[in-house]
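A.B. asks: I'd like to ask you about the structure that follows.
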Amino acid sequence: MAGGETLHYAQNVVITWNVNAPGQTVSKTDTSYSTNGGSVWTLIKSQTGLAANCGWKVPRLSKAGMNCLVRVQFKNAAGAVIAQDQSNAAFTITK
């Protein structure tokens, strides 16, 4: 997600990213979202190995989120983050 999009509750979205090998073996790919500019993250999906996309059903929020981000983290076998990236700009989730 580049940012600037408006997503709606229950919308099905495929989040994709370009993968450049981080130089270590990736054991897990975690995709998360934030509704507050990255202060708190909620896991969308944890996938085994090096993944290049993630399906997501947009959640119901108690109020519209206007400062939302998506983050992808690549982790090694010990669970340490070896590479990560996030949305270039915020997007909105409507109720």
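A.B. asks: Being surrounded by 20 or more Cβ atoms within 10 Å (Cβ to Cβ) and part of a strand (DSSP E or B) is the filter here; which residues of the range 21-43 pass it?
C.D. replies: Pass one, the range 21-43, residues surrounded by 20 or more Cβ atoms within 10 Å (Cβ to Cβ): 26, 29-33, 35.
Listed by number, the residues that qualify are 29, 30, 31, 32, 33.
A.B. asks: Let me spell it out: the conditions are (1) at pLDDT 95 or above; (2) under 17 Å from residue 14 (Cβ atoms); (3) not acidic (Asp, Glu), and residue 42 meets all of them except one. Which number is the exception?
C.D. replies: Every condition holds for residue 42 apart from (2).
A.B. asks: Could you please give the count of residues in the range 20-41 that are out of contact with any strand residue (DSSP E or B) (no Cβ under 8 Å at 6 or more places or on another chain) and aliphatic (A, V, I, L, M)?
C.D. replies: 1
A.B. asks: Select from the range 70-88 the residues that are touching a residue at least 60 places away in the same chain (Cβ under 8 Å) and of a type outside the set (S, T, N, Q) and write down the one among them that is farthest from residue 24 (Cα to Cα).
C.D. replies: Within the range 70-88, the first condition is being touching a residue at least 60 places away in the same chain (Cβ under 8 Å), and the residues that meet it are 70, 82-83, 85, 87-88.
Within this subset, residues satisfying the condition of being of a type outside the set (S, T, N, Q) are 70, 82-83, 85.
On the way: 70: 23, 82: 7, 83: 9, 85: 16 Å.
Here the answer is 70.
A.B. asks: For residues in the range 45-63 being exposed (fewer than 11 other Cβ atoms within 10 Å of the Cβ) and in a loop (DSSP other than H, G, I, E, B), which is modelled with the highest pLDDT?
C.D. replies: Per the stated criteria, the residue is 49.
A.B. asks: Now for a separate question. Could you list, in sequence order, all residues of the range 2-16 that are surrounded by 13 or more Cβ atoms within 10 Å (Cβ to Cβ) and more than 13 Å from residue 55 (Cβ to Cβ)?
C.D. replies: Across the range 2-16, the qualifying residues are 3, 5, 7, 9.
The values are calculated or read from the model by the stated rules, or taken from the named source; none is laboratory data. Note that the coordinates shown come from a computational prediction; the quantities given were computed from them, not determined experimentally. As a convention, Cβ positions derive from the backbone with ideal geometry for all residues, glycine included, and neighbour counts pool all protein chains shown.
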